[in-house]
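S.K.: Just dropping this structure here.
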Amino acid sequence: MGFADQRFNVNLSILFTELPLLERPAAAAAAGFTAVELWWPWVDSPTPEQSELDALKKAIEDAGVRLTGLNFYAGQLPGPDRGALSLPGAESERFRANIDVAADFARSLGCTALNALYGNRVEGVDPAEQDALALENLVLAARAADRVGAILLIETLNRPESPRYPLVSAPAGIAIVDKVNEATGLGNAKFLMDLYHLSMNGEDLQQVIAAYADRTGHVQIADNPGRGAPGTGTLPLEELLDQLAKAGYEGFVGLEYKPGDRPSAEAFDWLPAAARAAR
């Protein structure tokens with residue numbers, strides 16, 4: 001096995017960002033990829049104009065790539081925010097306004113994975129209050145995802161880079177997955193296993209895979225240190241992905257790494273061109 005046996009997609013919110021948004025799907029296709037994923041592209045608007053949604057949909061379709069993952073509105077990402085759904089007040093309302101917009105956009109492109117970032121702790125607000133609000137909003141998101149035939153992803157980040165984000169371990173993420181599934185009865189909440197974030201937290205990645213591969217709906221990778229392409233750090237990513245495959249994971253592996261000081265198109269030399277098209 002090895003990298004050539006995986007199903008990769010390119011995250012267009014961290015790669016090809018030297019290009020305007022509408023040019024990125026075609027750039028990914030030119031690099032040999034047939035699947036892409038995105039953070040919510042309109043960081044200032046959970047409900048963009050229909051013309052903006054239509055333009056992105058057309059760019060994806062014209063490029064001949066498939067959208068396989070999309071984030072719900074998460075505030076300023078990249079930037080200081082790490083989600084909106086647990087933040088009382090305006091941000092929670094913005095998240096709720098976005099739920100059906102994101103779900104319907106995903107459905108229009110056959111995208112079946114929607115990621116909901118939990119949000120940072122807010123100074124002066126009881127964490128229990130935030131957690132209760134988060135569960136309410138995640139239940140709404142799970143139901144919307146189910147309506148369009150998608151899964152809801154719960155992602156853990158890492159404490160060094162996101163010190164106010166409460167989900168900074170695999171068990172913490174899995175606990176939220178369980179709470180959402182228990183509340184909805186749908187079973188469509190899944191764990192987003194980001195090997196970079198988990199490694200930054202010092203977790204035993206082999207143990208995490210063994211424990212949670214069957215609860216995982218999506219995988220993302222970047223090497224560590226540096227959050228660069230595979231081979232730029234010390235993580236045994238090829239071996240870890242092999243372990244995931246042997247454990248039964250058959251989903252996409254999102255390439256969510258920084259290209260470094262080179263154009264994004266040159267940041268895929270670790271992966272043979274023939275292995276880039278999703279199977």
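S.K.: Answer yes or no: is there a residue in the stretch 102-121 that is farther than 30 Å from ALA59 by Cα, among the charged types (D, E, K, R) and not in a helix (DSSP H, G or I).
M.R.: Within the stretch 102-121, one or more residues are farther than 30 Å from ALA59 by Cα, among the charged types (D, E, K, R) and not in a helix (DSSP H, G or I).
S.K.: Could we say that ALA106 is modelled with pLDDT of 95 or more, closer than 28 Å to ASP269 by Cα and open to solvent by less than 50 Å² (accessible area, probe 1.4 Å) here?
M.R.: Criteria not met by ALA106.
S.K.: Restricting attention to the stretch 43-85, report how many residues are open to solvent by 30 Å² or more (accessible area, probe 1.4 Å) and assigned to a loop (DSSP other than H, G, I, E, B).
M.R.: Result for the stretch 43-85: 12.
S.K.: Also, quick follow-up: Of the numbered conditions (1) exposed (fewer than 14 other Cβ atoms within 10 Å of the Cβ); (2) at positive phi, THR234 fails exactly one; give the number of that condition.
M.R.: It is condition (2) that THR234 fails.
S.K.: Just wondering, is there one or more residues in the stretch 251-267 that are under 18 Å from the mean Cα position of the chain (by Cα), free of Cβ contacts under 8 Å to residues at least 40 places away in the same chain and either open to solvent by 40 Å² or more (accessible area, probe 1.4 Å) or farther than 23 Å from SER13 by Cβ (or both)?
M.R.: no
S.K.: Residues being open to solvent by 30 Å² or more (accessible area, probe 1.4 Å), in a loop (DSSP other than H, G, I, E, B) and either within 18 Å of LEU153 (Cβ to Cβ) or touching a residue at least 24 places away in the same chain (Cβ under 8 Å) (or both): count how many of those fall in the stretch 213-231.
M.R.: Of the residues in that region, 3 qualify.
S.K.: Looking at the stretch 77-101, I want the residues that are closer than 14 Å to GLU161 by Cβ and free of Cβ contacts under 8 Å to residues at least 60 places away in the same chain and have a partner that is open to solvent by 70 Å² or more (accessible area, probe 1.4 Å) and part of a helix (DSSP H, G or I) with Cβ atoms under 9 Å, at least 6 apart or on another chain. Which pairs are those?
M.R.: So the pair list comes out empty.
S.K.: Select from the stretch 232-262 the residues that are in a loop (DSSP other than H, G, I, E, B), over 18 Å from ALA277 (Cα atoms) and among the charged types (D, E, K, R) and list them in ascending order.
M.R.: LYS258, ASP261, ARG262
The values are calculated or read from the model by the stated rules, or taken from the named source; none is laboratory data. All values derive from a computational prediction rather than experimental measurement. Glycine gets a Cβ as well: all are built from the backbone with ideal geometry, and neighbour counts include every protein chain shown. In case anyone asks, the SASA skips ligands and DNA or RNA and just uses the protein heavy atoms, side chains included. Shrake-Rupley method; radii C 1.70, N 1.55, O 1.52, S 1.80 Å.
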